[in-house]
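The values are calculated or read from the model by the stated rules, or taken from the named source; none is laboratory data. Since the structure is predicted, the reported quantities are computational estimates derived from the model, not experimental observations. FYI the Cβ positions are ideal-geometry reconstructions off the backbone, even for glycines, and counts take in every protein chain you see.
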């Protein structure tokens, strides 16, 4: 209990590092379909998640069930913009949309303001910190910054969400992604689907 | 003058319906269709077939395709098994629904979720032929040379928020569904096409078992 309430980043040392090394680990999501499973507060939803880079430089994320019905269609616009193109009434909750937006922003390496960047060292890991308007996004790498170990969304004191990526081939989208919230029972699992060839 | 007006409105109605569904004409008196359809569906005990599904997202110029197998047994047993490019199994049996993705099984009661219940009933009604009596929809029937098209417009608020309309394409030869087209409010649509249909083949109950 004591451990949960204290600052879990306080013991780490600030170190000199270059944020550009993190940018090199950024995944590519030009066009990919994932099988998605969402477990939230004892409820389970599954379907397909399309991530597509659009000609206007935005990235669209569409979640539909296996039978084709769309749950939501979000647009991550140039800069830090975000647009809800469509959402079913059952999911049209401000807090839920905000959480999904932040989760995907972390995984897509968005909102990485280099002017606010700093790095922390913890034994064999480097925490590359990108402060957000509320909280901090961490990209956690090995000391040489060649391998992304995990990502975290955190308050000022402790992580609230962790994400892991299984990097696919170089220059390709990750094969799998998992997102786990630490303050409530909510997780997302993504596994890449190889789409059927067009006829 | 009144006669001319009626003729003109009939003409425009006919042109409109043909423009809406190319090759189809609205049946202003679908009673004959309903009778033949009811007779045929009364004689249909089971259907098994392959299916292909295509979701079209107009704004994203995107199509997502999948294929699988389909079983239906009168009156309310249905099994849809997606095989490519992902595996997903859904069994509806009475008031229960089994969902299996990979090794993960989930059994839910259709009655516990009204929208899920309505959406599932659409599938059962479309295949089983009782959609014309479903009070959740207003039905219009169109005819082409080889098929009928039943257009279902949602009447209940829950479904109105999900679908613009759902169309069932019915083969004139055996009055079974050859395709189900689901149109979302966003303009996206999903078409499920049934191929290699076998009507009234024996399907063991074990196909629909929900443990």
| said: Would you confirm, using the coordinates I've provided, whether residue A:194 is within 14 Å of chain B (Cβ to nearest Cβ) and surrounded by fewer than 15 Cβ atoms within 10 Å (Cβ to Cβ)? | reply: yes
| field | Subset of region A:137-146 [free of Cβ contacts under 8 Å to residues at least 24 places away in the same chain and touching a strand residue (DSSP E or B) at 6+ places or on another chain (Cβ under 7 Å)] | value | A:138, A:140, A:142, A:143
| said: Quick check on my filter: what residues within region B:144-153 are surrounded by fewer than 20 Cβ atoms within 10 Å (Cβ to Cβ) and more than 15 Å from residue B:24 (Cα to Cα)? | reply: B:153
| Selected residue (only one of B:36, B:49 is more than 12 Å from chain A (Cβ to nearest Cβ), closer than 25 Å to residue B:151 by Cα and either at pLDDT below 95 or surrounded by fewer than 18 Cβ atoms within 10 Å (Cβ to Cβ) (or both)) | B:36
| task | Please find, among A:156, A:134, the residue that is farther than 21 Å from residue A:49 by Cβ, away from chain B (no Cβ under 14 Å), surrounded by fewer than 18 Cβ atoms within 10 Å (Cβ to Cβ) and out of contact with any strand residue (DSSP E or B) (no Cβ under 8 Å at 6 or more places or on another chain). | result | A:134
| message | Return the residues of region B:160-183 that are over 14 Å from the mean Cα position of the chain (by Cα) and either more than 10 Å from chain A (Cβ to nearest Cβ) or surrounded by 15 or more Cβ atoms within 10 Å (Cβ to Cβ) (or both); say none if nothing qualifies. | response | B:160, B:162, B:172, B:173, B:174
| task | Would you check which residues across region B:43-66 are on the phi > 0 side of the Ramachandran plot and part of a strand (DSSP E or B) and list them? | result | none
| query | Can you name every residue in region A:154-179 that is under 14 Å from the mean Cα position of the chain (by Cα) and over 24 Å from residue A:30 (Cα atoms)? | reply | A:154, A:159, A:160, A:161
| request: Considering (1) within 13 Å of chain A (Cβ to nearest Cβ); (2) within 18 Å of residue B:69 (Cβ to Cβ); (3) surrounded by fewer than 20 Cβ atoms within 10 Å (Cβ to Cβ), say which one residue B:192 fails and leave the rest. | output: (3)
| remark: Exactly one of A:189, A:178, A:173, A:115 is away from chain B (no Cβ under 14 Å), surrounded by fewer than 19 Cβ atoms within 10 Å (Cβ to Cβ) and either part of a loop (DSSP other than H, G, I, E, B) or touching a strand residue (DSSP E or B) at 6+ places or on another chain (Cβ under 7 Å) (or both), and that one is A:178
| field | Which numbered condition residue A:55 fails, given (1) surrounded by fewer than 16 Cβ atoms within 10 Å (Cβ to Cβ); (2) within 14 Å of another protein chain (Cβ to nearest Cβ); (3) touching a helix residue (DSSP H, G or I) at 6+ places or on another chain (Cβ under 9 Å) | value | (3)
| request: Pull up region A:161-173, narrow it to residues that are modelled with pLDDT of 95 or more and out of contact with any helix residue (DSSP H, G or I) (no Cβ under 8 Å at 6 or more places or on another chain), then point me to the one that is farthest from residue A:48 (Cα to Cα). | output: A:162
| message | closer than 27 Å to residue B:67 by Cα and more than 7 Å from chain B (Cβ to nearest Cβ): is that true of residue A:76 in this structure? | response | no
